[in-house]
Each structure stands twice: as C-alpha cells, then as structure tokens.
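Engineer: Take a look at the following structure, please.
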Amino acid sequence: MAQGEVLGFEEYVRTRQEALLRSARRLVPDPVDAQDLLQTALARTYGRWDRIEDKSLADAYLRRVMINTRTEWWRARKLDEVPTEQLPDASVEDGTEQRADRALLMDILGVLAPKQRSVVVLRHWEQMSTEETAAALGMSAGTVKSTLHRALARLRQELENREAASRETRLAEERGRERCAA
C-alpha cells in the first residue's frame with residue numbers, strides 16, 4: 001500500500017473511530033468485545049483499503065466487515081452454547097431506568113438471528129435509510145423491509161413473553177406473602 005493510502009487510512013480511523021465504535025457497541029453487548037470487533041474490522045479493512053475506490057463508502061464497507069466478523073464469532077460461539085431452562089438474572093450496575101432499558105434491549109436483541117440484528121441496528125440505531133441498509137448488507141430493499149418486519153415482530157413477542165413471566169413471578173410472590181401472613 002502506498003504511503004498516501006496509509007496516511008488516508010490513519011486519518012479515516014482518527015476521524016471516524018468514535019462513530020465506528022458506537023456501531024460496534026450496538027452489534028455486540030460487551031464493550032470489550034465491541035473494541036475487539038472494531039479492531040479486527042479495521043485490521044481486515046486496512047489490507048483492502050487501496051481497493052476501496054470511493055472512500056465516502058468506507059463507513060458502509062467497514063460496517064459490513066464488522067457485521068461479517070460478528071457473524072463469524074456468533075457462529076463459532078453458537079456451537080459451544082448449551083440451552084438452559086432458566087435465563088440468568090440481568091444485573092443493572094447503576095440502577096437508572098435508562099440503563100436498565102438499554103440492558104433489556106441488548107439482551108432481547110440476542111434472540112434475533114445475526115441478519116435480523118444487523119438490519120435492526122442499521123435502521124434504528126444508525127438511522128440508515130432502507131436503501132442505505134440494503135447497500136451496506138448487500139441485499140435488496142424489499143429484503144431489508146421484510147427482515148426488519150420479522151425482527152420487530154420477534155422483539156415484540158419476546159417483550160410480551162418477558163412481561164408475562166414477570167407478572168406471573170410477582171403474583172406468585174404476593175401469594176406466598178399472603179400465605180405467610182395468614
């Protein structure tokens with residue numbers, strides 16, 4: 001790679017690093033994993049930087065690399081996962097409602113397939129248009145729309161299931177307290 005290309009890549013990383021890290025944080029829940037994801041994507045992109053003719057599309061290219069990398073990680077990890085009857089309790093460090101909502105949302109996003117999660121992240125967090133999302137993911141606009149529709153329906157269903165389970169737990173606790181008081 002020519003010296004000018006190296007300097008161009010360094011300048012690109014310097015100016016876009018925070019936005020790219022935010023994108024990575026939305027793809028993986030753990031901040032350390034997000035940094036690893038971004039670093040891996042940058043390393044992979046660096047080797048192909050001179051092949052990106054239109055540098056204005058570098059963000060889309062790098063997001064695609066992050067999505068592909070995250071999908072590779074997900075596939076590798078999926079083989080080692082063992083389903084359990086009960087989910088672990090989610091902990092909220094600072095107790096604020098906003099962080100609790102964010103933790104719940106990140107947890108619920110985990111039920112989506114990687115393709116669905118990518119579409120939701122790009123459309124709703126990155127606020128990309130349907131066409132931009134389609135270009136970034138290499139799919140048609142219609143596929144983006146249908147994937148987003150199914151993903152949002154799945155998220156709604158998961159929220160409803162969790163709310164119902166939470167209500168049942170509260171009712172069981174109240175009944176237990178009533179029995180103890182009687």
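Read-outs throughout are calculated quantities, based only on the coordinates presented, and are distinct from any laboratory measurement. The shown structure was predicted, so the numbers you read here are calculated from the model rather than taken from an experiment. In this analysis, Cβ positions are derived from the backbone assuming ideal geometry, glycine residues included, and neighbour counts consider all displayed protein chains.
Engineer: Could I get the Rg over Rh figure for the stretch 115-182? Both from C-alpha atoms, Rh via Kirkwood, rounded to two places.
Structural biologist: Numbers: Rg = 19.8 Å, Rh = 14.3 Å.
Here the Rg-to-Rh quotient is 1.38.
Engineer: Another question about this same structure. Which value in deg cm²/dmol, rounded to the nearest 500, describes the helix-derived mean residue ellipticity at 222 nm for the chain, given -39,500 (n - 2.57) per DSSP H run of n ≥ 4 and division by the residue count? Walk me through the intermediate numbers first.
Structural biologist: Details: 7 runs with 131 residues, N = 182.
The per-residue figure over the chain is -24500 deg cm²/dmol.
Engineer: Just add up the charged neighbours of residue 12: K/R +1, D/E -1, any other residue whose Cβ is under 15 Å from the Cβ of residue 12.
Structural biologist: Numbers: positive: 14, 16, 44, 48, 51, 55, 63; negative: 5, 10, 11, 18, 50, 53, 54, 59.
Every neighbour counted, the sum reads -1.
Engineer: If I take R0 = 35 Å and measure r between the Cβ atoms of residue 18 and residue 107 in this structure, what FRET efficiency does the formula 1/(1 + (r/R0)^6) give, to the nearest 0.05? The partial results should precede the final answer.
Structural biologist: On the way: r = 25 Å, r/R0 = 0.70.
For R0 = 35 Å, the calculated efficiency reads 0.90.
Engineer: Angle check, please: helix 31-46 long axis (alpha carbons) against the longest principal axis of the chain (alpha carbons), in degrees 0 to 90, nearest 10.
Structural biologist: Tilt of helix 31-46: around 20 degrees.
Engineer: Cα axis of helix 97-109 to longest principal axis of the chain: angle in degrees, 0 to 90, nearest 10?
Structural biologist: 70 degrees
Engineer: How big is the Rg/Rh ratio for the stretch 13-60, C-alpha atoms only, Rh by Kirkwood, two decimals? Walk me through the intermediate numbers first.
Structural biologist: Numbers: Rg = 11.1 Å, Rh = 11.2 Å.
Ratio value, two decimals: 0.99.
Engineer: Using the Cα centre as the reference, give the magnitude of the dipole from point charges on the C-beta atoms of the stretch 100-182 (Lys, Arg: +1; Asp, Glu: -1; all else neutral), rounded to the nearest 20 debye.
Structural biologist: Values: 14 positive and 12 negative charges, 39 e Å.
It comes to approximately 180 debye.
Engineer: Also, I was wondering about something else. Test of the criteria: in the stretch 1-77, which GluC sites (Glu not before Pro) are in a DSSP loop and have at most 16 other Cβ atoms within 10 angstrom of their Cβ? Intermediate values should be presented prior to the final figure.
Structural biologist: Details: sites: 5, 10, 11, 18, 53, 72; in loops: 53.
Filter output for the stretch 1-77: 53.
Engineer: Okay, next question. Taking the chain on its own, what percent of its Cα-Cα pair distances exceed 25 Å?
Structural biologist: Working: 7550 of 16471 pairs.
Tail of P(r) above 25 Å: 46 percent of Cα pairs.
Engineer: Working from Cα positions, state the angle (0 to 90°, nearest 10) between the long axis of helix 141-181 and the longest principal axis of the chain.
Structural biologist: The answer is roughly 30 degrees.
Engineer: What dipole magnitude, in Debye to the nearest 20, does the chain give about its Cα centre under +1 on Lys/Arg Cβ and -1 on Asp/Glu Cβ?
Structural biologist: Working: 30 positive and 31 negative charges, 108 e Å.
Charge dipole, the chain, about its Cα centre: 520 debye, nearest 20.
Engineer: Here's a follow-up. Given the options 39, 104, 84, identify the residue whose Cα lies farthest towards the positive end of the charge dipole of the chain (+1 on Cβ of Lys, Arg; -1 on Cβ of Asp, Glu).
Structural biologist: So the residue we want is 84.
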